Amino acid sequence: MSRGVRRRTALTVLMSLTASLLAACGSGSEAGGDLTAEPVTLRFSWWGADDRHKRTQQVIEMFQKKHPNITIKGEFKEWNGYWDSLATTMAANDAPDIMQMDELYIASYAERGALLDLNEAKKHLDTSNFDQKALATGAVDGKQYGLPVGLGMYSIMANTDLLAKYNIPVPDDTKWSWDDLKKIGEQVSKAGGGQVFGVQSPGINDTAGLSIRARQQGKAMFDAQGKVVLPPEVATQYWTYIADLAKAGIAPPPSVTVEKASAGLNQSATATNTAVFGFWWNTQLTALTAASGAKLKLLRLPGESQGKVGAYYKPSMFWSVSSRSKHPAEAAAFVSFLANDEEAAKILLTERGVPANQKIREAIAGQLKETDKAAKEYLDTVPVSDPPRITPNGASTVDAILKRHTEDVLFGRTTPEAAAASFIKEVQSEVDAAK
Amino acid sequence: MSALDELRQLRHGGVQVRKRDNKAAFWFLAPWFAGLVFITIGPVLASFGLGFTKYNLIQPPKFIGFDNFARIFTDERLHNALGVTFTYVLVSVPLQLACALGVALLLDRGLRGLAFYRSAFYLPSLLGSSVAIAVLWTQIFGAEGLLNRVLGFFGVEGKGWISDPDTALSTLIVLNVWTFGSPMIIFLAGLRQIPAVYYEAAAIDGASKWSQFWRITLPLLSPILFFNLVLQIIHAFQSFTQAFVVSGGTGGPSDSTMFYTLYLYQQGFSRFDMGYASALAWFLLLIIAAFTAINFWAAKYWVFYDD
């Protein structure tokens with residue numbers, strides 16, 4: 001009898017233990033489950049500069065006030081270190097729960113199974129205020145691996161203070177061609193007397209520039225399957241243009257161009273007022289205006305009115321959740337807060353790009369600085385066409401490959417034709433190698 | 001006490017004490033030993049295995065046989081990286097050793113404040129492969145850097161030395177030569193070992209300083225020179241930080257500072273091709289082993305042991 005009771009007690013204890021264990025596993029171990037009330041710590045990592053760290057930290061604190069049981073640990077680095085450390089922590093199965101992701105890398109992480117399909121966490125993640133086209137930029141094979149944070153557009157920044165000084169009128173960007181840019185650049189370089197140049201040389205971190213050139217001619221860098229379909233003629237034309245700019249003195253000498261490229265935004269020709277026209281993302285207007293102290297105006301890229309429209313919305317970055325996160329539901333709830341909360345948005349503003357969430361974009365409109373307003377207006381008014389396919393798995397090194405070929409061309413180590421052929425071959429082999 | 005005596009004592013007296021000593025020694029060594037096994041030997045063995053796989057850091061490695069090693073022979077960028085690395089090693093090591101020997105000879109003449117100079121010349125070796133110095137280098141050799149200002153003084157127009165593919169590697173060679181401190185210290189110690197009587201005898205016979213150097217100093221110093229040569233060649237092959245920082249991790253411009261190790265790193269951490277990176281690491285081991293073997297073989301013909 002007593003033995004029977006004891007056995008039964010033991011059984012109950014065992015069962016309740018198992019149940020509580022299962023419950024413990026259940027709470028937060030599924031993306032679609034309920035949010036747990038247990039204390040949870042999530043790691044959240046991003047790249048960026050000081051301003052971003054401060055704003056993000058504030059938003060983290062706001063979230064923690066609403067969810068006292070969730071602690072968010074922020075980890076931040078600058079761009080290069082970020083990707084090195086993400087690669088290694090992923091390998092060590094120690095990836096952060098929530099991460100800031102870039103268009104260059106999203107496919108390579110998603111296709112290697114490192115990211116959570118956010119649709120699984122729909123219950124906690126509201127995407128109703130996002131444009132479908134914008135959402136599609138974060139999807140691979142129909143799975144939502146990233147939620148776009150902000151949108152940006154590739155543009156030209158013109159230093160109108162310098163143009164006024166040299167008595168050169170601001171060009172009409174609704175009509176201008178690539179040749180027009182060359183001509184005006186030449187005038188500037190002449191007036192600048194070796195101190196100020198017309199155009200900051202493209203070709204470095206400029207994959208978007210090459211892609212837009214192709215799109216203006218109805219072509220593209222990659223097809224839907226991720227094959228490189230960039231026509232060699234387009235690439236040849238692209239590098240011929242860059243070589244011409246340098247040869248004619250419209251762009252600074254090659255060694256200056258290369259040096260400034262690795263020194264970062266604050267040392268760029270635009271920021272140091274040593275070139276009038278520069279290729280940038282429209283959202284960088286605020287940072288560059290602050291660095292240069294001059295008046296900068298956003299212009300459309302040349303050639304947009306001669307052929308097809310090449311411009312497009314590029315998601316400045318994504319929020320992604322690790323597929324190995326132990327608390328995907330809570331992570332999704334945090335992403336939802338970052339993307340949808342108006343109070344949070346009023347702190348973050350356009351620091352990560354003009355918000356992709358349309359409701360948020362309007363909510364913060366009143367609070368924007370002059371330059372942020374200009375960036376938003378550019379995005380709202382300049383015509384665009386469908387975005388290109390996201391950079392396929394394996395091609396995340398495309399920027400580095402582009403830069404190396406530009407250097408080869410600038411220093412006369414190869415011809416534009418040879419650079420074009422070699423670039424296409426190398427990018428294709430990178431895509432093939434990742435399969 | 002000869003080794004035999006020691007062995008005898010081990011057999012008879014004090015065996016117990018020694019056993020206890022050995023045990024204690026083992027425990028004191030254990031933390032280091034654990035580090036050796038888990039942090040060094042483990043990964044080394046793992047990388048050997050990974051060399052035969054395709055491994056992208058996230059999905060499990062896939063066995064692909066000798067493909068990675070075969071790729072070494074067709075990879076043109078790797079061949080360029082090998083060229084850069086060989087140039088770096090073969091130019092910078094002899095220059096560095098010449099500098100080290102030259103300065104050691106000067107310091108050996110017993111000037112006042114020797115300790116200060118010795119430390120001052122040694123300092124760069126401590127700092128040489130650090131990030132801070134590599135950053136400093138970009139400040140010196142940049143388009144608006146220190147060197148160009150000095151050149152500007154003399155009316156010479158400089159350029160961006162680091163950002164021009166024709167000169168970028170030279171700046172790294174200069175950086176390596178500058179860190180001649182540690183071979184210099186070893187040379188100094190070697191010079192002190194040479195008995196003064198040789199020089200006295202030579203001076204009495206009327207030998208010039210020059211022939212004293214060639215006939216006495218150099219032969220007697222040759223074992224030290226050999227030691228430094230082997231060490232610095234191995235060291236130079238493994239250089240990474242300088243090129244990484246100076247080129248911003250790219251090995252540019254135009255792959256002109258693409259050291260072998262930097263290329264290996266890029267394969268592993270930018271291209272996520274850990275299998276190929278592992279194969280490259282083992283290939284580098286072979287290259288260094290070959291160079292060291294050649295060194296030891298050649299040593300028979302020029303290294304002189306005075307015993």
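The values are calculated or read from the model by the stated rules, or taken from the named source; none is laboratory data. What you see is a predicted model, and the numbers here were worked out from it, not measured in a lab. Note that we place each Cβ from the backbone using ideal geometry, even for glycine, and neighbour counts take in every protein chain shown.
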Q. Looking at A:335, A:276, which one is of a type in the set (Val, Ile, Thr), in a helix (DSSP H, G or I) and either modelled with pLDDT of 95 or more or over 20 Å from the mean Cα position of the chain (by Cα) (or both)?
A. A:335
**Q.** Out of B:91, B:44, B:84, sole residue that is within 14 Å of another protein chain (Cβ to nearest Cβ) and either within 25 Å of the chain's Cα centre (by Cα) or assigned to a helix (DSSP H, G or I) (or both)
**A.** B:84
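What are the residues in the stretch A:51-82 that are of a type outside the set (S, T, N, Q) and within 14 Å of chain B (Cβ to nearest Cβ), if any?
A:77, A:78, A:79, A:81, A:82, listed by residue number.
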Q. Quick check: anything in the stretch A:235-255 within 14 Å of chain B (Cβ to nearest Cβ), crowded, with 23+ Cβ neighbours inside 10 Å and touching an Asp or Glu at 6+ places or on another chain (Cβ under 8 Å)?
A. yes
Q | Criterion violated by residue A:332 - all others in (1) of a type outside the set (Ser, Thr, Tyr); (2) surrounded by fewer than 22 Cβ atoms within 10 Å (Cβ to Cβ); (3) out of contact with any Gly (no Cβ under 8 Å at 6 or more places or on another chain); (4) not assigned by TED's automatic domain parsing to the domain that holds residue A:211 satisfied | A | (2)
Q. Scanning the stretch B:225-278 for residues that are away from every other protein chain (no Cβ under 14 Å), of a type in the set (Phe, Trp, Tyr) and in a helix (DSSP H, G or I), which turns out farthest from residue B:177 (Cα to Cα)?
A. B:260
Q. What is the number of the single condition among (1) away from chain A (no Cβ under 14 Å); (2) assigned to a helix (DSSP H, G or I) that residue B:206 does not meet?
A. (2)
Q | Criterion: surrounded by fewer than 24 Cβ atoms within 10 Å (Cβ to Cβ) and polar (S, T, N, Q) - qualifying residue of A:159, A:93 | A | A:93
(Q) Suppose the filter is under 16 Å from the mean Cα position of the chain (by Cα), of a type in the set (A, V, I, L, M) and more than 14 Å from chain B (Cβ to nearest Cβ); does residue A:101 pass it? (A) yes
Q: Spot the failing condition for residue B:23; the list is (1) surrounded by 11 or more Cβ atoms within 10 Å (Cβ to Cβ); (2) more than 30 Å from the chain's Cα centre (by Cα); (3) over 30 Å from residue B:267 (Cα atoms), and only one is missed.
A: (1)
Q. Within the group A:359, A:425, which residue is among the basic types (Lys, Arg), assigned by TED's automatic domain parsing to the domain that holds residue A:295 and part of a helix (DSSP H, G or I)?
A. A:425
**Q.** Among (1) touching a strand residue (DSSP E or B) at 6+ places or on another chain (Cβ under 7 Å); (2) more than 20 Å from residue A:415 (Cβ to Cβ); (3) crowded, with 20+ Cβ neighbours inside 10 Å, the one test that residue A:211 misses
**A.** (1)
Q. Does residue A:311 satisfy the criteria of being within 22 Å of the chain's Cα centre (by Cα), under 22 Å from residue A:391 (Cα atoms) and more than 14 Å from chain B (Cβ to nearest Cβ)?
A. yes
Q) residue B:221 versus (1) more than 30 Å from residue A:254 (Cα to Cα); (2) at pLDDT 95 or above: which is the lone unmet condition? A) (2)
Q.
If residue A:262 meets every condition in (1) free of Cβ contacts under 8 Å to residues at least 60 places away in the same chain; (2) closer than 24 Å to residue B:165 by Cα; (3) assigned to a loop (DSSP other than H, G, I, E, B) apart from one, which number is that one?
A. (3)
Q.
Scan the stretch A:373-395 and tell me whether some residue there is within 14 Å of another protein chain (Cβ to nearest Cβ), assigned to a helix (DSSP H, G or I) and either touching a helix residue (DSSP H, G or I) at 6+ places or on another chain (Cβ under 6 Å) or buried (at least 18 other Cβ atoms within 10 Å of the Cβ) (or both).
A. yes
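Per-residue answers, yes or no, for (1) closer than 27 Å to residue A:264 by Cβ; (2) within 14 Å of chain B (Cβ to nearest Cβ); (3) aromatic (Phe, Trp, Tyr):
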position: A:116; (1), (2), (3): no, yes, no
position: A:149; (1), (2), (3): yes, no, no
position: A:153; (1), (2), (3): yes, no, no
position: A:162; (1), (2), (3): yes, no, no
position: A:190; (1), (2), (3): no, no, no
position: A:198; (1), (2), (3): yes, no, no
position: A:204; (1), (2), (3): yes, yes, no
**Q.** Residue ID - farthest from the other protein chains (Cβ to nearest Cβ), chosen from residues in the stretch A:400-435 that are surrounded by fewer than 17 Cβ atoms within 10 Å (Cβ to Cβ) and of a type in the set (Asp, Glu)
**A.** A:417
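What residue, of A:177, A:189, A:155, is out of contact with any strand residue (DSSP E or B) (no Cβ under 6 Å at 6 or more places or on another chain) and among the hydroxyl-bearing types (Ser, Thr, Tyr)?
After ruling out the rest, the residue left standing is A:177.
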Q: Quick one: which strands (runs of 3 or more DSSP E) lie wholly within the stretch A:58-166 and hold at least 1 residues that are more than 30 Å from residue A:300 (Cα to Cα)?
A: A:70-77, A:98-101
**Q.** helices (runs of 4 or more DSSP H) enclosed by the stretch B:102-158 - at least 3 residues per element that are more than 19 Å from the chain's Cα centre (by Cα) and in contact (Cβ under 8 Å) with a residue 24 or more places away in the chain
**A.** B:131-141
